[in-house]
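**Q** Sharing a structure below in structure tokens format, with a few things to ask.
Computed from the coordinates by the stated procedures, all read-outs in this text should not be read as laboratory data. Since the structure is predicted, the reported quantities are computational estimates derived from the model, not experimental observations. All Cβ positions, glycine included, derive from the backbone under ideal geometry; neighbour counts span all protein chains shown.
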Amino acid sequence: MAGVSSIKEFFIVIGNFLGLNGPLDIFLMLVDISIISFIVYKVIQLVRETRAMQLVKGILFIVVGLKVAQLIGLKTMAYILEGAISLLGFSLIVLFQPELRRGLEKIGNSGFRSFLLFDEDADQLRTTASIEDIVKCCKHFSEEYIGALIVFERNTKIGDVINTGTPMDSLISYELLTNIFTPHAPLHDGAVIIRDNKIKAAACYLPLTENPSLSRELGTRHRAALGITEVSDAIAIVVSEESGKISFAHNGGLTRNLTPDTLRKALYRFLLDKSSAKKVRFLFRKVKEDE
């Protein structure tokens, strides 16, 4: 009983020190900590991979230096660092102006709900938008008989294939894909490789399938699409410039004559449905000579 009493007294002392007078105060403290943690997380997201991140590191270094100076009794150093922090407090708005503007524009353009989404939700939104742009492009290519070959990297990295093309690292858009595959454009021949919702490279060379029983009507794009899906878990979309038919390649198999709606369903299943890695219900026909 003495041990239990000591533990109880310990928590009472901690509660009094933090100014907690009951369960409600504890609940409010937890809510307060959660909100502040979330705000800090979103701020780090905004400044990550920008020059402002270096400023954040500098500010943290000054704060740590101030605490160390106070602990070991360096009064002059602590006084100077306190002054520096006070000046930084007024200049943060100026220093972080680009990031603040970008964050406000993001809230204004995407809505507050989109701003609050975590990385996984935001990635799903970007993937959904990318799928819609690609389906729109393939429909246009099919109607205009424009040849196209688009490959989605998945778990197996295909950096060696990406290195054969022209680096881009661009966001996916209908306009960009249309410009890439416009006949006689510099990047028209070869494949577009998509990684992490970005066009990593265009005009890439893919390994051709070694399947001897392919239909003769299948051209180089179809053979390249099958080749890359035989050596990796990538998926590939082919639009034939002769027939306008849309095809979908996966795991060395090819499904032909897809409609835009069927293509959309396949992309959603492979790129958004996590269970598809275990068992894919979308049926693929192995390419046979009689196709």
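**Q** With +1 on each Lys and Arg Cβ and -1 on each Asp and Glu Cβ, how big is the dipole of segment 119-277 about its Cα centre, in debye rounded to the nearest 20?
**A** Taking the Cα centre of segment 119-277 as origin, the dipole is about 300 debye.
**Q** What number in nm² do you get for segment 163-216 if you take the convex hull of its Cα atoms and divide its surface by four?
**A** Mean shadow area of the hull around the Cα atoms is 5.0 nm².
**Q** Place the peptides 129-137, 62-70 in order of packing, highest mean first, counting for every residue the other Cβ atoms within 10 Å and averaging per peptide.
**A** 129-137, 62-70
**Q** Here is a further query. Taking the alpha-carbon set of segment 232-275, what are its Rg and Dmax in Å?
**A** Considering segment 232-275 through its Cα atoms, Rg and Dmax are 10.8, 36 Å.
**Q** If one puts a single equal scatterer on every Cα of segment 119-277 and applies the Debye formula without solvent, what log₁₀ I(q)/I(0) results at q = 0.13, 0.15, 0.19 Å⁻¹?
**A** For segment 119-277, the Cα-only Debye profile gives -0.53, -0.73, -1.25.
**Q** According to the Kirkwood expression over distinct Cα-Cα pairs, how big is the hydrodynamic radius of segment 198-269, in Å? Don't skip to the end; give the middle numbers.
**A** Working: mean 1/r = 0.0789 Å⁻¹.
Hydrodynamic radius (Kirkwood, Cα only) of segment 198-269 equals 12.7 Å.
**Q** Of Lys57/Lys198; Lys157/Lys200; Lys200/Lys265; Lys136/Lys198; Lys157/Lys245, which pairs sit farther than 19 Å apart, going by alpha carbon to alpha carbon?
**A** Lys57/Lys198; Lys200/Lys265; Lys157/Lys245
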